[in-house]
Amino acid sequence: AEGSAVNVALPAGTGDEGWLRAFHAVVPELLAAFRPDVLVTQHGADTHFEDPLAHLAVSLDAQRMVAESCHALAHEHAGGRWVALGGGGYAVVDVVPRTWTHLVGIAAGRAVPPESPVPDEWRHEVYRRTRESAPARMT
């Protein structure tokens, strides 16, 4: 519906500081004005600096911080009703699994500490399938 979507244009190369500043400057105010019954968010991993398409320079930690903020905003503005969706991302070994693991953990109330090691079983499976080394930590 007209007036129900907001796009925030960011210059190529925008990193954590600018991305987080844009999020916090726009999203909480919009939610307070809109008063949603449920918060639906899309958490694409393509903002990450290793993704070849978006031309942004956001870290896994900043993506996790936005997911945490969305969780808190859902409780503040939508009675805790939150539908968190995954989305784009082409760094399927280094970024996507960790981004979505953080998202699911936050949504489930069992956040994964960033310094946690990536399970060895996962790292072995990634190598078996891709012949690429998976990251060692969740940050």
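Tell me, what is the FRET efficiency for Glu76 and Trp122 to the nearest 0.05, using R0 = 30 angstrom and their Cβ-Cβ distance as r?
Approximately 0.35, to the nearest 0.05.
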For the stretch 83-139, what class follows from the C-alpha gyration tensor (a ≥ b ≥ c being the square roots of its eigenvalues): rounded when a/c is under 1.5, otherwise prolate if a/b is larger than b/c, else oblate? oblate
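For the stretch 1-133, give the percent of accessible area contributed by carbon and sulfur heavy atoms, probe 1.4 Å, rounded to a whole number.
56
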Checked against the structure, the computed P(r) over Cα pairs in 10 Å bins from 0, in percent among (1) 12, 45, 33, 9, 1; (2) 11, 32, 25, 17, 9, 5, 2, 0, 0; (3) 11, 38, 35, 12, 3 is the one labelled (3)
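The values are calculated or read from the model by the stated rules, or taken from the named source; none is laboratory data. The structure presented is a predicted model; accordingly, all values stated were derived computationally and were not measured. In this analysis, Cβ positions are derived from the backbone assuming ideal geometry, glycine residues included, and neighbour counts consider all displayed protein chains. Surface areas here come from the heavy atoms of the whole protein model, side chains and all, with no ligands, DNA or RNA. Shrake-Rupley method; radii C 1.70, N 1.55, O 1.52, S 1.80 Å.
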